[in-house]
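Below: the structure, in structure tokens.
The values are calculated or read from the model by the stated rules, or taken from the named source; none is laboratory data. Note that the structure is a prediction, hence the values are computed from the model and not measured. Don't worry about glycine lacking a Cβ; one is built from the backbone with ideal geometry, like all the others, and counts go over all protein chains shown. Just the protein is used for accessible areas: all its heavy atoms, side chains included, with ligands, DNA and RNA removed. Shrake-Rupley method; radii C 1.70, N 1.55, O 1.52, S 1.80 Å.
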Amino acid sequence: MLNNGLKLRPVTILCSFSLMLAPVTSLFAAQTLTGHPVHTSGEHSVPVRHNFNAVIAALPAGVHLYYSSTLASLYQSRHMQPMWQDPVAVEKFQQQLAEVALSGVQPQFGQWVSWLSRSDISGMERDVLLSDAMLGYLQFTAGAPIKGESWLYGDTPYSLALPPTGDIARWQSSITSRNERVFMDSLMPRHPQYLPMQAALKKLLSEDQRWPYLTNRISIRPGESSPEIPTLRTILIRSGMLSANAPVSVPQTPVADTSAQQQSAAPATASGSQSALLPGKPLAGTTSSQGSAPAGNGNASPALTPAVNPEDVYGPELVEAVKRFQQWQGLASDGVIGPMTREWLNVTPRMRAGLLALNMQRLRLLPDDMHNGIMVNIPNFSMSYYEQGKTILSSRVIVGRPDRKTPLMRSALNDVVLNPPWNVPTSLVRGDIVPKAKSDPDYLMKHGFTLLSGWNADAQVISPESINWAAVNPATFPYRVRQAPGPQNALGRYKFNMPSSDAIYLHDTPNHMLFQRDVRALSSGCVRINKAAELAGILLKNVGWDSSRISGALQEGSTRYLAIRYRIPVNLYYLTAWVGEDGQPQFRTDIYNYDNLVRRGQSSLAPAEKFIL
């Protein structure tokens, strides 16, 4: 669905670009800037070189312009006058550039930020280098809303290319009209989350102390003791979850000393071999409290120590602080320091800053402000329904598991289906249904499945008994499988249709117990809604269906397709960091490993801080 960007390196298209640049250069060809009055409000004094090649030659060894041929045309059209005379505009641009570099979306941004932070690059050389970075940034800002699903959620950096000619013209026009600051502001993400996230980013980067680290892997439960408790206390204080004056719990009775067991036990994590940089995707169905202390030898009881160090006890104050921390991370607030909680405790403020920076760029893919429609944040397992800018329904959701991801998409609801049948997607038929039918000939009957000869309306019913299941190859199984409406139906009582090339839709489920889990990446790609009945009631109210009429139709058992009168936009998006209503940043586990870009951005931390703080 995404258009491929230009992949030609600028150095190879000097002749063709000179034609493309004609509308830009015509803006300035008749204007002589030599006698142009300069800014007087504290701008930088930049010595002018009259030869572009001399500027390139004066750059330090190892510093290379990416868009040299394009810049040569631009600077020559401006009679080699500097373009970056407004220090406020320079500051705004450098901050935005550093944010993109920190996101890790393209390594060249980190290179530009590193070069621009050097003290030995100044004057016209620095002016040209800023312009080189601007061309790269213009390509990113123009392309991200269209190509961001691959640029901001993939493992491979996108290819740098020339920005649109119109964007270059607007940049040059802002210089001529001395309106650079407004132009720089126009390049920021316009979503209302951007500025709060930027403020949170600055706060995280200002944390320059070494971050404590929990090294053991065994779960710690309330009342247990561990030599890691002092480290835990420090982390909770520095993360704002515990007051620095909180009292240390003093055990009233002998406490089981599990420290020796913890140190000798084998590691147990929910994320396997994931890097310690960021919490990786959990195994399907895991929760933050998985993992437990090793069992004893059967008859022996844990060794009791009559004098446990109070500072090593996981007491009530710390437990409550951990629960607050777990809630902050979207985990089950059970107070048990399991693998997922431990991994998040070890995420440093600067790692969190990288997550914020990446998600700040992802805002470019979202509507500037949601007034009407449904928003589903996949890694937050949440849905919000908006009317007239107000949230009128919020619900937990279940999304696709890591091997069957829920896609990022924008669509709109068509209709609500009461008592929907389920036409099982071919991939699920071949991957799930047929293998189960081969091992249990009664599987289809037990679960209300019907075999049909095809997908057309006049398809014939096929008897499962007529099939030699032992000889069936799941990969070539030719029949459609449909599950009848009813209490066993995987879609539940409600289905919400919307156009989707991936056959993705919203629906109810017969198993609402799964919504109690904190990690809810459990489906085959579609989105299950905990409050499906409430959503159907809101949508159908606009077409004259009240709760009693809906209830009667459900009890009747027949399938009803009810068209929606108004267009209801649906946006399935993926944010793992944002700022909550309390002004504090929120973070979620990256269930699909889309945040790997942040690892590349960490190398830009030091130079980026100079422009962000």
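Can you pull out every residue in the range 70-87 that is in a helix (DSSP H, G or I), open to solvent by 10 Å² or more (accessible area, probe 1.4 Å) and either hydroxyl-bearing (Ser, Thr, Tyr) or within 9 Å of Ser131 (Cβ to Cβ) (or both)?
Selection gives Ser73, Ser77.
Considering only residues of the range 88-138 that are over 23 Å from Phe183 (Cα atoms) and touching a residue at least 60 places away in the same chain (Cβ under 8 Å), which is surrounded by the fewest Cβ atoms within 10 Å (Cβ to Cβ)?
Per the stated criteria, the residue is Asp120.
Check off (1) modelled with pLDDT under 90; (2) touching a His at 6+ places or on another chain (Cβ under 6 Å); (3) aliphatic (A, V, I, L, M) for Leu491 and give me the number that stays unchecked.
All conditions are met except number (1).
Where in the range 540-613 are there helices (runs of 4 or more DSSP H), lying wholly inside it, with at least 1 residues that are surrounded by fewer than 15 Cβ atoms within 10 Å (Cβ to Cβ) and touching a Ser or Thr at 6+ places or on another chain (Cβ under 6 Å)?
605-612
Residues to consider are Ala30, Ala22; find the one that is farther than 30 Å from Ala608 by Cα, open to solvent by 60 Å² or more (accessible area, probe 1.4 Å) and at pLDDT below 95.
The unique qualifying residue is Ala30.
Of all residues in the range 196-239, count the ones that are out of contact with any strand residue (DSSP E or B) (no Cβ under 9 Å at 6 or more places or on another chain), assigned to a loop (DSSP other than H, G, I, E, B) and open to solvent by 60 Å² or more (accessible area, probe 1.4 Å).
Total meeting the criteria: 8.
Can you tell me which condition Asn245 does not meet? The list is (1) touching an Asp or Glu at 6+ places or on another chain (Cβ under 8 Å); (2) farther than 30 Å from Gln81 by Cβ; (3) open to solvent by 50 Å² or more (accessible area, probe 1.4 Å), and all the others hold.
(1)
Tell me, which helices (runs of 4 or more DSSP H) wholly within the range 336-445 include 3 or more residues that are open to solvent by 10 Å² or more (accessible area, probe 1.4 Å) and out of contact with any Leu (no Cβ under 6 Å at 6 or more places or on another chain)?
Passing ranges, in order: 434-439.
Only residues that are open to solvent by less than 20 Å² (accessible area, probe 1.4 Å) and in contact with a Pro (Cβ under 8 Å, 6 or more places away or on another chain): list them for the range 495-537, please.
Ile504, His507, Val519, Ala521, Gly525
Yes or no: Ala459 over 30 Å from Tyr566 (Cα atoms) and either open to solvent by 40 Å² or more (accessible area, probe 1.4 Å) or assigned to a loop (DSSP other than H, G, I, E, B) (or both)?
yes
State all residues of the range 490-513 that are touching a residue at least 60 places away in the same chain (Cβ under 8 Å), out of contact with any strand residue (DSSP E or B) (no Cβ under 6 Å at 6 or more places or on another chain) and among the aliphatic types (A, V, I, L, M); if no residue qualifies, say none.
Ala503, Ile504
Restricting attention to helices (runs of 4 or more DSSP H) lying wholly within the range 109-194, give those where 1 or more residues are touching a strand residue (DSSP E or B) at 6+ places or on another chain (Cβ under 7 Å) and among the small types (Gly, Ala, Ser).
none
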